[in-house]
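Accompanying notes for the structure given below.
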Amino acid sequence: MQMPTPIRAPTWVSRRRHFEQKLWDLDKCKDINQLKQMQTLVYKSHLQQDPFIAPKLISAFSNCRQIGSALKVFEQAGESNSNVRLYNALIRAYVCNFQALKGFETFLNMQCAGIFPDNFTFSFLLKGCSGKCCLSLVSMIHTHVVKWGFEDDIYVPNSLIDAYSKCGVVGVRAAGKLFRGMKERDVVSWNSMVGALLKAGDLSEARKVFDEMPERDRVSWNTMLDGYTKAEQMSVAFELFKNMPQRDVVSWSTMVSGYCKAGDLEMARMLFDKMPSKNLISWTIMISGYAEKGLVNEAIELYVQMEETGLRLDVAAFVSILAACAESGMLSLGKRVHDTVERSMYKCNTLVCNALIDMYAKCGSLHKAYKVFNGLKKRDLVSWNAMIHGLGMHGRGKKALELFFKMKQEGFVPDKVTLVGILCACNHTGLVDEGIIYFYSMEKDYGVIPEVEHYGCLIDLLGRGGYVREAFELARKMPLEPNVKIWGSLLGACRMHKAVELADDVRDLLVKLEPKNAGKLSALSNIYASAGDWDNVANIRLMMKSIGRPKQSGASLLQLNDEYREFTVMDKSHVKSDKIYQMVDGLGQHLKLLSPVPASHCDE
DNA sequence: CTAGGGTTAG
């Protein structure tokens, strides 16, 4: 009689099962050490040329940001393996790791190798175009799409619409043409088209398309909602919000963000408190909203509350809140955030550290900024720019220039932001000659064509250095339209050097500005008025008169969140006039404290 | 026995 053997597979079988299971989930592996172990196993089992395993390995390495290893896997997969998936995986790896160019190169190599692209290839390639404004590239890919016959695979034209939408107004037109020509459209096609029109700022056309949609999902409503909030049409946005068939956390967050940007922090907070569920993004929006507007107590209180919920901040949350602190000079919250960064996994993250450097620099805490900068292992151009600009704007021009040389020594190529920092540094340190030299050689030396900011720095520099006439001359001759800051610095220079004989130049410049920027002079006059700087108020009124602007009795335009509102003296018509007067008063105090002479206008 | 792609808030 035979005993039944226990049903138990030999060990090697179960091991193999286990191994296979792991192979199937290879691309979901997030741990780099585990992944390397898996790779060893794959190679030992001679599976590195397997048409399914190899692409998975590439994806896995790509997800772990190990693009070098991904490439190695690709190369070792062998040419015998003429596999679209392999190429697709490599293209995606490049594109997802910010090497879009290499992705396109791979696409070309693939065709040279005689391998036909498929629908996935194009989706990946198009993703590589995002963030860049490269219409010619997108339309080139479009041509390939048509050539290979993938224009009816719904994913591909949808990706195309999205890619086109990031190429400015012309791109959006191309997107519209493609959209109208599509055989069938799904809800994503419609949503992408609405999003494209909104990106181009065409709110009414977007709404038209939105109304035409055969079916709308959450994304459709949220996209349209965001369009209205970005345009600061909060009442329309609220109407839409009320009428939405369903509201998710994105809808609520969009509204909170919209009210924050519109400056209505109370309404924002009310909605924030009413949200049925909050996530990291919602908290980030509300805290940044408070921080940006300088509401210290509210911002800190909410930040502490968020930490108490146990939410872990990610890179975007850190960067957003720190940027808001930088904007309003909110050092107290900035420091708190820094504490959190130190305890997080992002204390060596370049993006986060750059935000810290910028925050400390803008808050005037140069020592701390420098400490973060020095401790940063992987500095990029932004790190250098933030530090140089920070030093420069606080009168440490020599140190800024030193850093500039060091940065070049280390092989970084200065960009336009660097040069603003350098000119700013020269300006705030009285290095007039150096500033002039840098300005006039920046195109030759660094290939940077001067923009308004650069002109602004130089004009400020000239004016402060006593070359008032030259400053005016430059403002008049510059190929770009002078902005309010340039105006301010010219006025400052006039006052500083008692140059009243420049009326003609002033008029010339005003002609250049008018009539498009009618409100700006008044806005400026208002700022000086709040600062109690009556000399400049008188100056501006004189200028306004000199170009025959009709005198408006005591009315002035005050810029509030990019919108000009008209006020007359002691106007109480506006619902929030109390708040506004308070704010203007506060602004005046600030200006008095900060600038005996009108502040430099090349910062920011 | 297989994977992989497109749209919304910071």
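None of the figures in this text is laboratory data; all of them are computed from the coordinates on show. Just so you know, these numbers come straight off a predicted model, no measurement behind them. Neighbour counts run over all protein chains shown; Cβ positions are idealised from the backbone, glycine included.
Packing, taken as the mean count of other beta carbons within 10 Å per residue, orders the peptides A:427-440, A:137-150 from highest to lowest as A:427-440, A:137-150. Subtracting the Cα-Cα distance of A:ASP264 and A:SER204 from 0.36 nm times their residue separation leaves 19.2 nm of extension gain.
I'd like to compare A:184-193, A:86-95: which one has the highest average count of other Cβ atoms within 10 Å, and what's the full order after that? Walk me through the numbers on the way to the answer.
Numbers: A:184-193: 19.5, A:86-95: 26.1.
Peptide ranking by packing, descending: A:86-95, A:184-193.
Which ordering of A:GLU402, A:GLU205 is given by a fewest-first count of other beta-carbon atoms within 10 Å?
Details: A:GLU402 13, A:GLU205 17.
Exposure proxy ranking, most exposed first: A:GLU402, A:GLU205.
Taken along the Cα-to-beta-carbon direction at a fixed 7 Å, the label points for A:LEU101 and A:GLN409 span 2.7 nm. A simple spin-label model places the labels of A:ARG312 and A:VAL169 4.6 nm from each other, with each point 7 Å out along Cα-to-Cβ.
What length, rounded to one decimal in nm, is gained on full extension from A:MET345 through to A:ASN243, with 0.36 nm per residue of separation minus their alpha-carbon distance? Present the calculation step by step, with values, prior to reporting the outcome.
On the way: separation 102, 0.36 × 102 = 36.72 nm, distance 4.16 nm.
Residue separation times 0.36 nm, minus the Cα-Cα distance, leaves 32.6 nm.
Which value results for Rg/Rh of the stretch A:80-170 when Rg is the Cα radius of gyration and Rh the Kirkwood radius based on the inverse mean 1/r? Kindly include the intermediate steps, with their values, before the conclusion.
On the way: Rg = 12.4 Å, Rh = 13.0 Å.
Rg/Rh for the stretch A:80-170 comes to 0.95.
Annotation: average projected area of the stretch A:151-212 is 3.5 square nanometres, based on the convex hull of Cα atoms across all directions. The slack between A:SER45 and A:VAL296, meaning 0.36 nm per residue of separation minus the straight C-alpha distance, is 84.3 nm.
With 20 Å as the limit, write out which pairs from A:LYS335/A:LYS485; A:LYS362/A:LYS444; A:LYS230/A:LYS362; A:LYS72/A:LYS102; A:LYS102/A:LYS408 have Cα-Cα distances beyond it, or answer none.
On the way: A:LYS335/A:LYS485 30 Å; A:LYS362/A:LYS444 30 Å; A:LYS230/A:LYS362 26 Å; A:LYS72/A:LYS102 15 Å; A:LYS102/A:LYS408 26 Å.
As for pairs spanning more than 20 Å Cα to Cα, those are A:LYS335/A:LYS485; A:LYS362/A:LYS444; A:LYS230/A:LYS362; A:LYS102/A:LYS408.
Exceeding 20 Å between C-alpha atoms, which entries from my cross-link table qualify? They are A:LYS347/A:LYS378; A:LYS127/A:LYS261; A:LYS28/A:LYS56; A:LYS242/A:LYS274.
Values: A:LYS347/A:LYS378 12 Å; A:LYS127/A:LYS261 30 Å; A:LYS28/A:LYS56 9 Å; A:LYS242/A:LYS274 14 Å.
Among A:LYS347/A:LYS378; A:LYS127/A:LYS261; A:LYS28/A:LYS56; A:LYS242/A:LYS274, the Cα-Cα distance tops 20 Å for A:LYS127/A:LYS261.
Each of A:ALA323 and A:ARG469 was given a label point 7 Å from its Cα along the Cα-to-Cβ line. The distance between the two points is 4.5 nm. Neighbour counts of C-beta atoms inside 10 Å place A:CYS325, A:CYS134 in the sequence A:CYS134, A:CYS325, starting with the fewest. One quarter of the surface of the convex hull around the alpha-carbon atoms of the stretch A:285-419 equals 7.8 nm², the direction-averaged projected area.
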